[in-house]
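> Below are the structure tokens for one structure; questions will follow.
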Amino acid sequence: MRVIVIGGAGFIGSNLCKRLLEMGHQVACFDNFSLGNEDNIRELEKNSKFELVKGDASKLDELDEVFTTFKPEYVFHLAANSDIQASASNPDVEYVNTYSTTFQILSCMRKHNIKKLFFSSTSAVYGDKRDVELDENTPGLAPISYYGAAKLGSEALISAFSYMNDMSVLVFRFPNVIGENLTHGVIYDFMHRLKEDSSQLRILGDGRQTKPYIYVQDLVDAMLQFMEAPQGVTLYNVGVEGATSVTKIADIICEEMGLKNVKYNYTGGEGGWKGDVPRFQYNIDKIHVAGWKAKYNSDEAVRITVRKNLEA
């Protein structure tokens with residue numbers, strides 16, 4: 001197929017592009033490089049079936065140009081501001097990069113009569129429901145971050161566009177995704193801080209924030225396994241067995257870096273920042289029944305990620 005990956009130079013998108021090319025698809029990577037990095041796709045540019053298009057998915061004219069020339073049959077929508085902490089001080093970032101991109105992509109698909117879409121949503125749409133096991137039918141979605149709100153609004157747009165235009169859409173709600181070539185997040189931050197000063201580590205919150213972390217290759221496996229969705233919206237929670245605390249992440253990083261007697265300096269409070277959900281219970285029974293399960297649990301994903309980034 002002719003596949004366009006919007007946000008394809010980013011952390012998840014670049015891994016997806018590589019796998020799509022290995023499957024024999026013709027791939028266009030569309031990215032504005034706000035978070036994406038051309039180093040992530042440099043090797044892919046040598047492939048004759050790969051095309052890089054620099055553009056902004058929040059601008060319909062730029063999307064329309066690549067849809068007109070490339071003529072995609074399938075759209076992977078990964079464009080978003082994935083740095084939730086950074087957008088806390090500027091909600092405009094989420095409106096433009098997360099919500100507006102979704103509306104413009106759907107509008108462009110409607111114009112060009114493209115029916116197949118994957119959308120990367122998030123566990124953040126559920127909000128702070130730490131005493132509830134979160135499954136796909138959990139009522140009363142109430143995100144507490146601008147990121148979660150923009151993703152939930154995007155899901156609503158997708159529901160309407162799918163119904164009105166007979167689209168087939170696969171939506172994944174997933175937690176923290178980690179792996180090679182991280183650009184932000186707790187593992188990235190801790191490793192860089194310890195490289196600068198290996199005697200101490202500043203940790204936001206009380207260190208007991210505990211979340212599931214999924215390895216990027218496991219996520220890509222799921223995306224490819226279920227990409228041929230039926231008409232309408234097919235929704236899955238995608239996650240892993242177990243969860244990892246922030247302090248445990250720090251311990252793993254120190255172990256892998258060979259550091260001992262590092263002093264942890266906690267800033268205090270349950271959450272690391274305003275809008276952070278310190279812990280939640282994620283139900284992934286639906287996707288397990290459908291035939292997919294992550295190869296690595298949360299702690300294993302963290303350790304593999306640390307090792308891969310130390311090797312880089």
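The values are calculated or read from the model by the stated rules, or taken from the named source; none is laboratory data. The model shown is predicted, which means the values in this text are computed figures rather than measured ones. Every residue, glycine as well, gets a Cβ built from its backbone with ideal geometry; the counts of neighbours run over all protein chains shown.
> Run down Val53, Val27 and say which single residue is of a type outside the set (D, E, K, R), within 20 Å of Gln104 (Cβ to Cβ) and modelled with pLDDT of 95 or more.
Val53
> Of (1) polar (S, T, N, Q); (2) surrounded by 14 or more Cβ atoms within 10 Å (Cβ to Cβ); (3) out of contact with any helix residue (DSSP H, G or I) (no Cβ under 7 Å at 6 or more places or on another chain), Gln209 satisfies all except one. Which?
(3)
> Kindly establish whether Tyr264 is outside the structural domain of Leu170 (by TED's automatic domain parsing), touching a Gly at 6+ places or on another chain (Cβ under 8 Å) and not polar (S, T, N, Q).
yes
> Looking at region 278-292, which of its residues are under 11 Å from Ala222 (Cβ atoms) and in contact (Cβ under 8 Å) with a residue 60 or more places away in the chain?
If the condition is that a residue be under 11 Å from Ala222 (Cβ atoms) and in contact (Cβ under 8 Å) with a residue 60 or more places away in the chain, then Ile287, Ala290, Gly291, Trp292 are the ones that fit.
> Is it the case that region 141-163 has a residue that's in a strand (DSSP E or B) and either crowded, with 16+ Cβ neighbours inside 10 Å or outside the structural domain of Glu256 (by TED's automatic domain parsing) (or both)?
Yes: one or more hits.
> Could you say which residue among Ser58, Ser34, Ser48 is free of Cβ contacts under 8 Å to residues at least 12 places away in the same chain, over 19 Å from Pro175 (Cα atoms), in the same structural domain as Gly140 (by TED's automatic domain parsing) and out of contact with any strand residue (DSSP E or B) (no Cβ under 8 Å at 6 or more places or on another chain)?
On inspection, the qualifying residue turns out to be Ser48.
> Then there's this: Among the numbered criteria (1) crowded, with 17+ Cβ neighbours inside 10 Å; (2) assigned to a loop (DSSP other than H, G, I, E, B); (3) in the same structural domain as Gln85 (by TED's automatic domain parsing); (4) not charged (D, E, K, R), which one does Gly272 miss?
Gly272 satisfies all of (1) crowded, with 17+ Cβ neighbours inside 10 Å; (2) assigned to a loop (DSSP other than H, G, I, E, B); (3) in the same structural domain as Gln85 (by TED's automatic domain parsing); (4) not charged (D, E, K, R) except (3).
> Within region 6-117, considering only helices (runs of 4 or more DSSP H) that don't extend past its boundaries, which have at least 3 residues that are over 19 Å from the mean Cα position of the chain (by Cα)?
60-70, 101-112
> Give me the residue from region 172-206 that is surrounded by fewer than 16 Cβ atoms within 10 Å (Cβ to Cβ) and of a type in the set (S, T, N, Q) and, out of that set, farthest from the chain's Cα centre (by Cα).
Result: Ser199.
> While we're on this one: In the list Lys248, Lys260, Lys308, Lys286, which residue meets the criterion of being of a type in the set (Lys, Arg) and not in a helix (DSSP H, G or I)?
Lys260
> Go through region 107-131 and report how many residues are over 25 Å from Pro230 (Cα atoms) and surrounded by 15 or more Cβ atoms within 10 Å (Cβ to Cβ).
Residues flagged as over 25 Å from Pro230 (Cα atoms) and surrounded by 15 or more Cβ atoms within 10 Å (Cβ to Cβ) within region 107-131 amount to 4.
> While we're looking at this one, here's another question. Only residues that are surrounded by fewer than 17 Cβ atoms within 10 Å (Cβ to Cβ) and under 25 Å from Val246 (Cα atoms): list them for region 218-227, please.
Across region 218-227, there are no qualifying residues.
> I'd like to know if region 7-17 contains one or more residues that are of a type outside the set (S, T, N, Q), surrounded by fewer than 18 Cβ atoms within 10 Å (Cβ to Cβ) and more than 30 Å from Gly272 (Cα to Cα).
no
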